[in-house]
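We did not get these values from a lab; they are worked out from the coordinates using the rules stated. Nothing here was measured: the structure is a model prediction, and the numbers come from that model. Here the Cβ positions follow ideal geometry from the backbone for every residue, glycine too, while neighbour counts run over all protein chains shown.
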Amino acid sequence: MDYYFLTQLKNSSFANALLKTKDALQREGFGVLTEIDMKATLKNKLDVDFHNYKILGACNPSLAYEALKAEDKIGTMLPCNVILQEKEQNFIEIAAVDPAASMKAVNNEALIKIAETVREKLRTVIENISV
């Protein structure tokens, strides 16, 4: 089973792909809580060069609240990560975690139903980025 959803943007700048991703997340009710610039972090911490790579910590507040009510330790798996990476110039890969895949490790039917809702929203996000 795949643990992520993926799309690719050709002839797109990294900045434009980031804006499209944030817009698509917002349309599905997600906010970005964290934004980790792996390229800058790896340069700063290890003095290595790496391609553009950002990790967005996305959260749908109402669904996160429902998940926390169903399973109080689920915060260890929140927020949902979305990554953008540019391995080749102007060719951007965007992937989002499939929360239903990771939540199957938790034996809680209510939580799995919430994760399936989040899954569909994140799948829609990924599908709508290239539009």
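General remarks:
- Selection count where residues are exposed (fewer than 15 other Cβ atoms within 10 Å of the Cβ), touching a residue at least 12 places away in the same chain (Cβ under 8 Å) and either under 12 Å from the mean Cα position of the chain (by Cα) or over 20 Å from ASP98 (Cβ atoms) (or both), scope the range 7-30: 3
- Residue pairs meeting the criteria (Cβ under 7 Å; at least 6 apart or on separate chains; first within 16 Å of ALA24 (Cα to Cα), in the range 105-122; second acidic (Asp, Glu) and assigned to a loop (DSSP other than H, G, I, E, B)): ARG119/ASP98; LYS121/GLU28
- Within the range 41-60, residues that are closer than 21 Å to MET77 by Cβ and in contact (Cβ under 8 Å) with a residue 60 or more places away in the chain have Cβ atoms under 7 Å from residues that are among the β-branched types (Val, Ile, Thr) and not in a strand (DSSP E or B) in these pairs: ASN60/VAL118, counting only partners at least 6 apart in sequence or on another chain.
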